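A quick write-up on the structure given underneath.
The values are calculated or read from the model by the stated rules, or taken from the named source; none is laboratory data. Being a predicted model, the structure only gives us computed values, none of them experimental. Note that we place each Cβ from the backbone using ideal geometry, even for glycine, and neighbour counts take in every protein chain shown. These area figures cover heavy atoms from the full protein model, side chains too; ligands, DNA and RNA do not enter into them. Shrake-Rupley method; radii C 1.70, N 1.55, O 1.52, S 1.80 Å.
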Amino acid sequence: MKRWSITLGSVSGIVVRVHMTFFLLLAWIGTVLWFAKGPAAAIDGVVFVLFLFGCVVLHELGHAFAARRYGIGTRDITLLPIGGLASLDRMPEDPAQEVVVALAGPAVNIVIAALLFLVVGAQVDTSGLEGFGAGATSFIGRLATVNLVLAVFNLIPAFPMDGGRILRALLGFTMSRAKATRIAARIGQGLAVIFAFLGLMGNPILILIAIFIFFAASAEAYSASIHDFARGRSVAEAMITQFEVLPKQASLDDAAKLLLATTQQEFPVVDDAKHLVGFVTRASLIETLQTNTGAVPIDSAVVRDVATVTTRTSLENTVALLEQRAAPAVAVLAESGRLVGYVTLENLAEFFMVRSAGGLEHPNAATFKK
Ligand code: ZN
């Protein structure tokens, strides 16, 4: 998503980006209004959408600042045609905290609406809701009204929208987080189907939102099952123990040969003492090869921001690290600091499937003792 986004700036350490497709939305609205109602309406419509998305950024900042209270950082906020996305490092596991973080976004829109209605004296004006209507009606009234609509829409319990997160948290008071997530995700997907159906009657944005909700809900349900499964297990049970490494003196060609000769897609790079330097991934290798010859040292293709754990670390903490850092792998080190294994999301998924099917009590225990 980063590649197709441009950075607008940052608010107290949180980078705000706009996805390129957002400009398509602006162009589409401008063009439609221009031909339907003329240039003045087109300018009014585009400016209105810019203000609306300004309010969406404030909504996302509401989530980010609430999360910060619980020590959870936010990498960035990205504006898409379907709304804003704040990438929090994680959601709080505590249901009460999750309710606060989820409510903080819609609360911002309610505060904006209240200020516009009470202080500026705006009147309810729904003409902004249909085709970003323009013309004679009050800009402030439309903006206040659309903020109320944003708050109400986000509180629909369509997980992973805000209302769905609140539902998941409330369910979480009486059952496991994985079960609560599964139920919330099912409800979310059911509502997504209804959204898509309503969208077919003339609102393409609603169809996009429905598709997003549908897939995001199943991804979150899967992630919750993995977390549930990882609880009480150690990373040594799940890690990859048979793998090829690259010495740090290797060339890009050496890495390319290894990529072709094995099924591995990521290679730990180690120094002479077998200590980890970083990982070369298929993506980092291909990207580096595009601007370098094969004889160039591997150094420029090494991803260094890799989290490390020890063989005693719990699998649950390892999963959290993998998801948080969006890194290719988490490396597992022995007490001596030597690399003994690593975990990727793919091998975790395999371990999950094998164990769910009743296989292997301790798959790596034997190899690991050697
Ligand atoms: Zn929100």
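Numbers below:
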{"item": "Pair list, Cβ under 7 Å, 6 or more apart: the range 156-170 residue within 10 Å of Ile213 (Cβ to Cβ), other residue near the ligand (Cβ under 10 Å from one of its atoms) and open to solvent by 20 Å² or more (accessible area, probe 1.4 Å)", "result": "Phe159/Arg165; Met161/Asn154"}
{"item": "From the options Val11, Val32, Val47, Val16, residue that is surrounded by 19 or more Cβ atoms within 10 Å (Cβ to Cβ) and under 33 Å from the mean Cα position of the chain (by Cα)", "result": "Val16"}
{"item": "Answer residue from the range 329-354, given it is open to solvent by 40 Å² or more (accessible area, probe 1.4 Å) and assigned to a loop (DSSP other than H, G, I, E, B) and is nearest to Glu93 (Cα to Cα) among those", "result": "Glu335"}
{"item": "Hits in the range 57-73 (condition: within 12 Å of the ligand (Cβ to nearest atom) and either farther than 11 Å from Ala107 by Cβ or in contact with a Lys or Arg (Cβ under 7 Å, 6 or more places away or on another chain) (or both))", "result": "Val57, Glu60, Leu61, Ala64, Ala67"}
{"item": "Qualifying residue in the range 83-95 (condition: assigned to a helix (DSSP H, G or I), within 23 Å of Ala224 (Cβ to Cβ) and open to solvent by less than 50 Å² (accessible area, probe 1.4 Å))", "result": "yes"}
{"item": "One residue from Arg165, Arg182, Arg186 being touching an Asp or Glu at 6+ places or on another chain (Cβ under 7 Å) and open to solvent by 20 Å² or more (accessible area, probe 1.4 Å)", "result": "Arg165"}
{"item": "Unique match (being buried (at least 21 other Cβ atoms within 10 Å of the Cβ), out of contact with any Asp or Glu (no Cβ under 8 Å at 6 or more places or on another chain) and not acidic (Asp, Glu)) among Ala320, Ala217, Ala301", "result": "Ala217"}
{"item": "Entirely in the range 135-217, the helices (runs of 4 or more DSSP H) that have 3 or more residues that are under 30 Å from Trp34 (Cβ atoms)", "result": "139-154, 177-200"}
{"item": "Residue under evaluation Ala273, criteria (1) open to solvent by 30 Å² or more (accessible area, probe 1.4 Å); (2) in contact with a helix residue (DSSP H, G or I) (Cβ under 7 Å, 6 or more places away or on another chain), criterion not met", "result": "(2)"}
{"item": "Meets criteria (modelled with pLDDT under 95 and under 30 Å from Leu118 (Cα atoms)) for Ala151", "result": "yes"}
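A quick yes/no check of all residues on (1) over 15 Å from the mean Cα position of the chain (by Cα); (2) free of Cβ contacts under 8 Å to residues at least 60 places away in the same chain:
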site: Thr21; (1), (2): yes, no
site: Ala27; (1), (2): yes, yes
site: Lys37; (1), (2): yes, no
site: Phe51; (1), (2): yes, no
site: Glu60; (1), (2): no, yes
site: Tyr70; (1), (2): yes, yes
site: Thr74; (1), (2): no, no
site: Thr78; (1), (2): no, no
